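Below is one structure, written out as structure tokens; the observations come after it.
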Amino acid sequence: NLLVSTVKGKWVLKISNIAEDPAVIVAQTRALIHLQQTGLQDCVPNVMKGKSGEEVCSHVSAQGRHCIRLLSFLEGELYSKIQKTPGRLIEVGTFLGRLSRSLSSFGHPGAHRENFLWNLDHAVNCESYLTHIEDGNNRRMLADLLEHYQKRTLPRLKYCRGAVIHNDVNDNNIIVFTKNQQPHIALIDFGDLCYGRQINELAVAMAYLLQGEKNLYEVSQQIVSAYHRQFPLHEIELDVLFDLIRMRLAMSVCISSMRAKSFADNDYLRISQQPAFELLWRMRSINPAFMTALFRSAAQLPAVREHHEIVSWLRSSKLNPQRMFDIDLKTSARRVLKLDSAVDMLRVEDFGDLLTGEDVYNNTAFLIGLYGEARNVYQAEQFASVVTPERRTVHLGMDIFIHANSALYSPLAGRVYSLADNNLPQDYGPTLILEHDAGDANLVFYTLYGHLSKTTFDLLDEGQCVEAGQLIGHVGKFSENGGWPPHLHFQVMTTMLDLKGNFNGVGEKSLLSVWRDICPDPNLITRLAPESFDEYKGISTLIEQRRRLLGPSLSLSYRHKLNVVRGSGAYLYDHTGRQFLDCVNNICHVGHCHPHVVDALLRQASVLNTNTRYLHQTILDYSKRITDLLPESLSVVFFVNSGTEANELALRIARTVTGVKDTIVLDWGYHGNAGATVEISPYKFKRKGGFSKPEFVEIAEFPDPFSGRYKGMSVETGFAYAKSVSACVDAIRQRTGHGPAAFIAESISGVGGQVVYPDGYLDKAYQVVRSAGGLCIADEVQCGFGRIGSHFWAFELQKVIPDIVVLGKPIGNGHPMAAVITTNELAGKFANGMEYFNSFGGNPVSMAVGMAVLDVIENQGLMQNAEQVGDYLLFNFNKLKKKYNKIGDVRGCGFFLGLELVESLETRKPAAELAGDIVNDLRENAVLFSTDGPNDNVLKFKPPMVFSMDDADFLVDKLDASLSKFY
Ligand code: PMP
């Protein structure tokens, strides 16, 4: 090559050896022109044509014919001479991608060079050069590589694209130049151009570009991703790329060693091998399977081909992981143990020493070490790598800290893939890896259990099948588990990366996207609720905020306050994930967050929610459906948003229709929290912070067959109590000269302490009131909607038909809605010209919810459930009553039950303190109960209607234990 410099510019005059095949020269020249024409005009030399337009001229000398070309000289710096930066690498990768894109549409017969030494497609030829490698270690390393290449790479090559490639992109052929103040990349020396696997282009370039780089992972990622953006790589190409990079290096050292033999005094040949050998040795520390994953990830593919399929299998409802410990991780209290900087951890030998006071208080059964957490302090320097200066710090599994020797069960069926003792300090100790099938797609994945006890080795053998739920080991002690506080390291792998016995439990932060595809979140199997991983501010913070933001008049249940974060069916879950059996929430009637109701709500809320001033079918459908469940006369519905509002409206209807205000209420009755309802609620105005009975209110004696003046459930008792209603009517008449507007009563008294009235009581009371011109209002806010099991409405127990029925709480399963239902006649009289408008009442979302609630009650047979389980509970509560004489009375029906606690059966003195103690003790034992009644001595049972027989057993068991504790 001659540099031709003139005042007009610089050129390179290339005079070829006569041995060069002119067809090859023509192919090179045509390739340059093709690149010029397809977007790379500044990036490769220009071909200067001869006088008669020839691209390749020739000169015939005495020896023969030489091809002669004149190319433009590219100004710039050699890549080998400049400072390498990540930005530069991306530019080179981008350039390479453009080069491949352009060359993929180029072809020339001269590029098909038979027996061309430097064609990577013929790398097997290197085998014959191995003898030229002097150093035994080097030779063996290369022999290994060749064997691997022949076994694994060669069979794959035929699936890779072919193209003409430059084939020698190295840092002395790459030129960096500046144009318009921007750095650009150019390429020279097309002398090794040939047809081969197109991926060879990238492999050759990377074999050079990686030399001397500190972080092989990062540089590889950058080049591949930049290349891929310009010229998308095929999966098979990504799969062989690492092998080909190493083969190019091997080829290069083999060829130069062979040449060194022929030119024994040419030291340069041997010295120039050094960086290639060094890189080859460093690459020995790279797991090829991991490198393929990394390349795939750099090319925007899942790092593991089967990742998506495996993860969707792990997510599917077909997979039903069994519990892994004797405790149920899903329902036991836990806490996240932050391990990102807790160095002292390595000195903690017992699980108990990890627990804080608050853990003990919360009954914390296990602690979680998070997946994806930074583990900066545990990575010993001994893991320092020649591949990357970056330490592996991100946790790829989930830790479950629990007592040593806890039995461990397999969550899934599978086979023992490996069982090994990784007994270096801070390693896994005894480690089990199981292999599992992922559905029927011929896919497998793996689960790893680290830090087990040595007893595990006696339980299993490699290759053995394991059933879901089978005992597979025990949690190891500090002395055997690698020197950790007892815990299980649980990890899922979508590939074993050709490893056995051990597997990285932490990965490089910068490679997290690769690691996450290899090791997906183990919670796909443990399936703990999302809140399990939340950070928690602490009960006291919440209490303080609540006091400040919500004012002091709100109360909080239990001495040991409860932070509930999730509900499902008959269960509530606190912030620690602990499951509580809900025996109190009669509002979430068909179960907490019932999917059918939630779905109906979501669906309607995403379509329309507006007021009732437009026609809408759903409100009519729901009104028809709910009135069909009531006696025929109760046929007109008013929709409101709460029980309080419903009672307010019921009063307003009664008072408007009768033209008078006076109202008879039951002692201890509660009907709402707003002005008019507090005025008719002795439960409120007679107690702390109350006021004297309003003049227009008359209180009828509470018809309590256990603690009241008249005992028993007979009609006589009922009539005796009804006399008090009669007395109220008389009092009103005496004071005003007319009868009452209304008599309002719950059909079974809830706030009064689950008091079922004696027979005939309401019937007689209604007669008395009606004969004085008053209306009868049944408050079914607590006891309606099938709760009592035998009947849909509690007033049916008393064989009465009210004039107005008030519905609330369960009607919307927690969605704020309520209703007042009355007769056609009363609705007509109420329409005195004043419009009834309610912004929210009767909106389409509420109506859809109401419908869904009724669907569930009917379709899940919840009334029957209430009757059966309720009877079973009554039977068992009565058994407890025989055992504990402080249970004075067991009463109620269906899922509306009460246990009244007394000092003694003789005195029937309320045992309020005992009731409080029991409710608080039950809370500690995961059962939520409340007390009610005028003296707060009635244990009140009104659970979601999905409460099961098993739940009943659990409750009776815990109640028995609590009672025995306080006796
Ligand atoms: N009536 C009764 C019998 C109730 O128990 C309640 C609520 N405890 C109400 C009315 C008031 O309902 P809300 O809280 O929805 O206003």
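The values are calculated or read from the model by the stated rules, or taken from the named source; none is laboratory data. Bear in mind the structure is a predicted one, so any value in this text is a computation, not a measurement. Cβ coordinates were reconstructed from backbone atoms using ideal geometry, including for glycine residues, and neighbour counts include every protein chain displayed. Just the protein is used for accessible areas: all its heavy atoms, side chains included, with ligands, DNA and RNA removed. Shrake-Rupley method; radii C 1.70, N 1.55, O 1.52, S 1.80 Å.
Assorted remarks:
- Taking a ≥ b ≥ c as the square roots of the eigenvalues of the Cα gyration tensor, an a/c ratio of 1.5 or more together with a/b larger than b/c marks region 318-370 as prolate.
- Counting only Cα atoms, the size of region 709-866 along its three principal axes is 48, 45, 24 Å, in decreasing order.
- Integer Hz, Karplus 6.51/-1.76/1.60 couplings in order for region 705-717, x for Gly and Pro: x, 9, 9, x, 5, 10, 9, x, 9, 6, 4, 4, 4
- Global form of region 390-429, assessed from the alpha-carbon gyration tensor, a/c cut-off 1.5: prolate
- Amide H to amide H distances under 5 Å link residue 443 with 438, where only residues 5 or more positions off or on other chains count and H is placed in the peptide plane.
- Antiparallel bridge percentage (DSSP; both residues within the chain; nearest 5): 85 percent
- Mean separation of Cα contacts under 8 Å, 6 or more apart, over the residue count of the chain: relative contact order %: 8 percent
- Taking the three principal axes of the alpha carbon atoms in region 809-861, the coordinate ranges are 42, 23, 16 Å, sorted in descending order.
- Extension gain, residue 715 back to residue 6 (0.36 nm per residue minus Cα-Cα distance, nm): 242.6 nm
- Projecting label points 7 angstrom from Cα along Cα→Cβ for residue 559 and residue 883 puts them 2.3 nm apart.
- Peptide packing: for 741-747, 758-764, the average count of neighbouring Cβ atoms within 10 Å per residue gives the ranking 741-747, 758-764, highest mean first.
- For residue 716, the shell of other residues with beta-carbons less than 14 Å away shows a net charge of +2, using +1 for Lys and Arg and -1 for Asp and Glu.
- Available extension along the chain between residue 263 and residue 905 is 219.7 nm, counting 0.36 nm per residue and deducting the alpha carbon span.
- Solvent-accessible area of residue 699, all protein chains in place: 50 Å² (probe radius 1.4 Å, heavy atoms, ligands and nucleic acids excluded).
- For region 119-206, DSSP calls about 100 percent of its internal beta bridges antiparallel.
- Rounded to the nearest 0.05, the FRET efficiency derived from the C-beta distance between residue 179 and residue 156 at R0 = 45 Å is 0.70.
- Reciprocal of mean inverse Cα separation for the chain (Kirkwood radius, Å): 35.1 Å
- Between residue 693 and residue 629, the C-beta separation translates, for a Förster distance of 41 Å, into a calculated FRET efficiency of about 0.70.
- Simple label model, 7 Å out from Cα along Cβ direction - residue 500 to residue 139, nm: 3.0 nm
- Cα-based radius of gyration of region 80-144 once divided by 2.2 N^0.38 Å, which approximates compact folds: 1.66
- Distance between modelled label sites at residue 376 and residue 529, nm, 7 Å Cα→Cβ extension: 3.3 nm
- Between residue 312 and residue 771, the contour length at 0.36 nm per residue exceeds the alpha carbon distance by 158.3 nm.
- Here residue 693 is the anchor, and the aspartates and glutamates within straight C-alpha reach of less than 15 Å, apart from those fewer than 8 places off in the same chain, are 662, 667, 679, 701.
- Percent accessible area from carbon and sulfur atoms, region 836-967, protein chains only, probe 1.4 Å: 49 percent
- 1.4 Å probe accessible area per residue over region 753-837, in Å²: 31 Å²
- Cα gyration tensor, region 1-74 - rounded (a/c under 1.5), prolate or oblate: oblate
- Take the Cβ atoms of residue 673 and residue 602, set R0 to 30 Å, and the FRET efficiency comes out at 0.55.
- Using only alpha-carbon positions in region 225-278, the gyration tensor eigenvalues give semi-axes of 32, 11, 8 Å once each is multiplied by 5 and square-rooted (largest first).
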